[in-house]
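Here is the structure we will look at, set down as structure tokens.
Coordinate-derived values only; no laboratory data. Computed from a predicted structure; not experimentally measured. Using ideal geometry, Cβ is built from the backbone for each residue, glycine included, and neighbour counts are taken over all protein chains shown.
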Amino acid sequence: MSKRIGVHLGTAGGASNAVERAREIGANTFQIFSSSPRMWRAPKVDPRQAERMKALRASLDVGPLVIHTSYLVNVCSQSDDVRQKSIEAFRGEIERALILGAEYLVLHPGSWKGLTRDEGLKLAAESITHAIDGLPWHGTGFHILIENTAGAEFSLGGSFQQVAELVVRLKPTAPVGVCLDTCHSHVAGYDMVSAEGYAETMDQVATTMGFGAVRVWHCNDAKSERGSKLDRHEHIGQGTMGVEPFRRFVNDERFAHSAFIAETPVDEPGDEGRNVRVLKSLVNSA
Ligand SMILES: [Zn+2]
Ligand SMILES: [Zn+2]
């Protein structure tokens, strides 16, 4: 199978249009939001859109389809009200992902402010289990991917270890894997820029979630320094990471099963395509 390389795309004019856009810019996988990422209310998926999307993806060989969960969802909030709303909203995210036939739904594990990290971890696992309870995911290949975060204070998932702990807790009740974000890892303090640092960081992947669990790499360069904990994405090759770490990722056989998706800024029209081209240009041809 060919390497899966793509980018986050807008869904103006309907989610199915994104499939054709992906192909036009040379991508064979992509990520979308299935609702406005900063609003609680989400519209229902039009079943005709979903069917059109599935047919287009099959005929154009575009996949996996990755959906990113709304930023409002906080499954480990100390507030019962926010947590309840988050569980309902996340259930809606899973329902829409299943209707659209998405393979992956990416989730930030949330902020445990006001609690301990262990309490946050426990709440996150309970909330996610609750959200997916009774939904028809069996046999679909669908997975929830826990994304590592930039390591800001109180945010769960700032280390590979924390992501892995949540995955272990969820394994018995939910289909779960991992999405690692290069920018988040870099600003959280992981060295992926030097060759030795990359090897050490990959050792940490091996001893926490393991390579097989990493279904998606979010490929973003960083505007901020390593260890700064400031989450600002930059065009690939133009930030504090530079282009070399991305060459290692896309050619690392231990991630042959992973999709590589840029969530780079759109400063000018065509930026999505440019970042996809940069990623594709890094793949060693056999
Ligand atoms: Zn994210
Ligand atoms: Zn990301």
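Worth pointing out:
- Kirkwood-type radius of the chain, with distances r between different C-alpha atoms, in Å: 18.9 Å
- For Lys44, the aspartates and glutamates whose Cα falls under 20 Å of its own Cα, not counting residues fewer than eight places away in the same chain, are Glu88, Glu93, Glu95, Glu103, Asp133.
- For the chain, the mean residue ellipticity at 222 nm estimated from helices alone is -12000 deg cm²/dmol, where every DSSP H run of n ≥ 4 contributes -39500 (n - 2.57) and the total is divided by all residues, rounded to the nearest 500.
- Relative to one another, the C-alpha centroids of the stretch 225-286 and the stretch 63-124 are positioned 25 Å apart.
- This ranking places Thr11, Thr182, Thr207 by how few other beta-carbon atoms lie within 10 Å of each, fewest first, which gives Thr207, Thr11, Thr182.
- Among Asp271, Asp80, Asp221, the ranking by other beta carbons within 10 Å of each residue's beta carbon, starting with the fewest, stands as Asp80, Asp271, Asp221.
- Antiparallel %, DSSP beta bridges [both residues in the chain], to 5: 10 percent
- Pairs spanning more than 31 Å between alpha-carbon atoms, out of Lys3/Lys54; Lys3/Lys223; Lys3/Lys171; Lys229/Lys280; Lys3/Lys122; Lys113/Lys223: Lys3/Lys122.
- Cβ crowding within 10 Å, taken as a proxy for footprinting-reagent exposure, orders Glu263, Glu200 from fewest neighbours to most as Glu200, Glu263.
- Looking at the stretch 167-286, the DSSP beta bridges with both ends there are about 20 percent antiparallel.
- Exposed trypsin sites (Lys or Arg not before Pro) absent: longest stretch of the chain, with sites in DSSP loops and at most 13 other Cβ within 10 Å deemed exposed: 45-286
- Reduced Cα scattering model of the stretch 1-109, Debye log10 I(q)/I(0), q = 0.13, 0.20, 0.21 Å⁻¹: -0.48, -0.99, -1.07
- Restricting the chymotrypsin sites (Phe, Trp or Tyr not before Pro) of the stretch 1-108 to loop positions (DSSP other than H, G, I, E, B) with no more than 14 neighbouring Cβ atoms within 10 Å leaves Trp40, Tyr71.
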